[in-house]
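Notes to accompany the following structure.
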Amino acid sequence: MAQSSTTLIGQTTMETVSARATISFNSTEKKVSDSDNGFGNLVVNDIVTISGTSKNNGDFTITAVATDGSHFTVAETINKLDNGDEETADGSTNFTVTQTGLVSDKVAGDGYYSQPDGVHTVAYQITDAVPVTANFRMQGSLATTPTESDWFDITGSGLTPDLSTLGFYANFTGNFVWVRCKATGITAGAITKVLYNN
């Protein structure tokens, strides 16, 4: 029987949320809120870059999005201000939220099936507008039910596109229970698809 590839990521473009003075943070719930309900186009596993803040600039992986677009929760830690208050845009400054990547759903790796060879192949296809600073890599987990902290980058599975070709691949070895694709730094262009075979 011939093997077939699993599509980890289909046609995907990045979403931009304009700079807003209506964004606030909740460190207890790991929640980012927008009183203008501007987060409706984001989805679980999107990676967003937040800027313009005092304590929460950086990349965050979305774990849930409110159906009305009013807030999303993240896997990473949300920080309070030095005085212990939650960070909130004060009206004179804007916080910017931009989708710059995503994480695929997890799929079973060779370790899940107890296959001893551990050979995997991933193929990445992008548009020519993806910046050369973008990064594509596979992540693995040995946990049966992985949480965000159980994932690690798999050596040899990642590539940074040079745009000499819009399709590129990597082979990697390991008896991972689960694998997923993580793409970051995508500030323009789109992912056409990411295929995986083991």
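Picking from residues in segment 1-20 that are touching a strand residue (DSSP E or B) at 6+ places or on another chain (Cβ under 8 Å) and in a loop (DSSP other than H, G, I, E, B), the one that is nearest to residue 181 (Cα to Cα) is 10.
Screening segment 40-85 for strands (runs of 3 or more DSSP E) wholly inside it with 3 or more residues that are under 15 Å from residue 17 (Cα atoms) and either modelled with pLDDT under 95 or touching a strand residue (DSSP E or B) at 6+ places or on another chain (Cβ under 8 Å) (or both) returns the ranges 46-51, 58-65. Going through (1) in contact with a Ser or Thr (Cβ under 6 Å, 6 or more places away or on another chain); (2) in a loop (DSSP other than H, G, I, E, B); (3) among the polar types (S, T, N, Q) one by one, residue 33 falls short only on (2).
Take residue 119 and decide whether it is of a type in the set (Val, Ile, Thr) and either at pLDDT 90 or above or crowded, with 16+ Cβ neighbours inside 10 Å (or both). Show your work before the answer.
Values: of a type in the set (Val, Ile, Thr): yes; either at pLDDT 90 or above or crowded, with 16+ Cβ neighbours inside 10 Å (or both): no.
For residue 119, the condition - of a type in the set (Val, Ile, Thr) and either at pLDDT 90 or above or crowded, with 16+ Cβ neighbours inside 10 Å (or both) - is not met.
Whether any residue in segment 139-147 is surrounded by fewer than 16 Cβ atoms within 10 Å (Cβ to Cβ) and closer than 20 Å to residue 62 by Cβ is what I want to check. Checking segment 139-147: at least one residue is surrounded by fewer than 16 Cβ atoms within 10 Å (Cβ to Cβ) and closer than 20 Å to residue 62 by Cβ. If only residues of segment 83-116 that are in contact (Cβ under 8 Å) with a residue 12 or more places away in the chain, farther than 27 Å from residue 191 by Cβ and acidic (Asp, Glu) are counted, the one that is surrounded by the most Cβ atoms within 10 Å (Cβ to Cβ) is 87.
Quick one: is residue 183 part of a loop (DSSP other than H, G, I, E, B) and either touching a helix residue (DSSP H, G or I) at 6+ places or on another chain (Cβ under 8 Å) or surrounded by 18 or more Cβ atoms within 10 Å (Cβ to Cβ) (or both)? Spell out the reasoning first.
Values: part of a loop (DSSP other than H, G, I, E, B): no; either touching a helix residue (DSSP H, G or I) at 6+ places or on another chain (Cβ under 8 Å) or surrounded by 18 or more Cβ atoms within 10 Å (Cβ to Cβ) (or both): yes.
Taking the combined requirement at face value, the residue does not satisfy it.
What is the residue count in segment 122-135 for residues that are in contact with a Gly (Cβ under 6 Å, 6 or more places away or on another chain) and either aromatic (Phe, Trp, Tyr) or surrounded by fewer than 21 Cβ atoms within 10 Å (Cβ to Cβ) (or both)? So that I can check it myself, show each step before the final result.
From segment 122-135, those in contact with a Gly (Cβ under 6 Å, 6 or more places away or on another chain) are 125, 127, 129-130, 133-135; that's our starting set.
Next, only the ones that are either aromatic (Phe, Trp, Tyr) or surrounded by fewer than 21 Cβ atoms within 10 Å (Cβ to Cβ) (or both) stay: 125, 127, 129, 133, 135.
Total satisfying the criteria: 5.
Put simply, of 129, 143 the only residue that is in a loop (DSSP other than H, G, I, E, B), within 21 Å of residue 42 (Cβ to Cβ) and not assigned by the TED database to the domain that holds residue 76 is 129.
The values are calculated or read from the model by the stated rules, or taken from the named source; none is laboratory data. Note that this is a predicted model, so its numbers are computed, not measured. Here Cβ is always computed from backbone atoms with ideal geometry, including for glycine, and neighbour counts include all displayed protein chains.
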